[in-house]
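The values are calculated or read from the model by the stated rules, or taken from the named source; none is laboratory data. These figures come from a predicted structure and were not determined experimentally. Don't worry about glycine lacking a Cβ; one is built from the backbone with ideal geometry, like all the others, and counts go over all protein chains shown. With ligands, DNA and RNA removed, areas are computed over all heavy atoms of the protein, side chains included. Shrake-Rupley method; radii C 1.70, N 1.55, O 1.52, S 1.80 Å.
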Amino acid sequence: MDPLAGPLEAFAYDLRKVRADAGNPTYRTLAKVAGYSATTLSEAAGGARKPTLDVVLAYVGACRGDCAYWRSRWEALPEPAATSPAVSELPVALSAEDAGLPSAGQAGSQVRDEAGAEADRTAGSPPVSADPAPPAATGWRRRRWRVLAPLAAVLLVATGGAIVLLQRKESNGCPRAVPHPVFAALTYGAGARVHTGAVRDAPVTTTIPGGCTVGFVGYCLGEKIHDNTGGSPDLRWFKLSDDRVIASGIVHGNPPPGLAPSHCTDDHPGPNAIALSVTGSHALQLSATGTGLEIVGFAALFDPDGDQPGERRWRQVAFTEKTADRPRFTARWTAVPAQDGKPVLVAAAACMGGDGPTGVVTARTVTGAGFPEATLAPADRASAAAAACSYPA
């Protein structure tokens, strides 16, 4: 791609750099996050024609790029001749296989009502969200900004320094949009219950129908709720403007990176300390302890092939949670030798949920003589925590 060939080619060239900066994930991997097919995302960076704004923002968002910047870049492109939108540019529902979820029959067997969830808690099993579960046929992991036709497409756009919520389509019964939300999320399935506090048993004041884009003013930490589609644990509860809350695990969307939790009714204290111990030689046993820990992710800094210095980066080893029958946070990892004279590092981070890292992170160096504590630069701490707390593959 020659970036000097024209504005569209320069746009596509820079869009490819966004993907490269994200570690060059495959388009199939991006499709699971963006909600558009791999072909559509590939064509967006192909330079043959101007992609739609929705596709560009989904592509950039899946790569954790700057959506506001890329919206302005898209608006600066010359308009193409009017054509009918391609079918491939419509949001798609990924198959259960593509999203790494159970088949429809398997997922259907996992749906439980409130009585079943209460029985699980009594028996000591990990809690299952009591909020309405989505249809098994949705076939994609929630969050990370995906849209499912014909639900509303959501854009968060920087305008004059303020964030404005734009909705392509509103469903009947959706709440009035917050004028300046900090972030937004999309409800699905049978809807999302609104609670007065950040615990499962807090009174429910209303249920927002599926297909609604909801603006939030912040989030707090509360009772752990399991993601309705992916099954991963999450401590975050999203705050409405009147201080009522919705469990993060039952809507699609995440707070922006760097946003800290704030206070709400029935909130829980967050993690504030973590320690990592490492034992073993080739197969390492990682163990984390600390204060206020509910979810812990483990990561390692290495190049899996050992032949590409540029591939050396933090990668998730495990994503674990505390349960009645598993109160400790442990993981097993097969270590790799030092590469290019640089030691391999392992880290443990306290997490709020998938893609919910915290600043509570620690690391150790893998050496033949032991595992001394490692001092990480701020950028490395952030990268280690982001990798450790990413959604489990």
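With both labels modelled 7 Å from their Cα along Cα-to-Cβ, the residue 75 to residue 272 distance reads 4.4 nm. Averaged per residue, segment 253-393 has 48 square angstrom of accessible surface, using a 1.4 angstrom probe with ligands and nucleic acids left out. Surface composition of segment 248-393: carbon and sulfur make up 53 percent of the accessible area, probe 1.4 Å.
Dividing the convex hull volume of the alpha-carbon atoms in segment 244-393 by its residue count gives 133 Å³ per residue. Bridgeable lysines around residue 322 (alpha carbons under 16 Å apart, same-chain partners fewer than 8 residues away excluded): 224.
As a length-normalised measure over Cα pairs under 8 Å and 6 or more apart, the relative contact order of segment 238-393 settles at 22 percent. Per atom type, segment 1-59 shows carbon and sulfur on 53% of its accessible surface, probed at 1.4 Å. Cross-link reach is defined here as a Cα-Cα straight distance under 24 Å, omitting same-chain residues fewer than 8 places apart; for residue 50 the lysines meeting it are 17, 32, 169. What segment 181-239 shows is 23 Å² of accessible area per residue, with the surface traced by a 1.4 Å probe over protein heavy atoms.
Evaluated with a Cβ-only charge set (Lys, Arg +1; Asp, Glu -1), segment 238-393 carries a dipole of roughly 260 debye about its Cα centre, given to the nearest 20.
Taking 0.36 nm per residue of separation and subtracting the Cα-Cα distance, full extension of the segment from residue 4 to residue 17 would add 3.2 nm.
Counting alpha carbon pairs within less than 8 Å and at least 6 residues apart, what relative contact order, in whole percent, applies to segment 314-393?
Relative contact order comes out at 35 percent.
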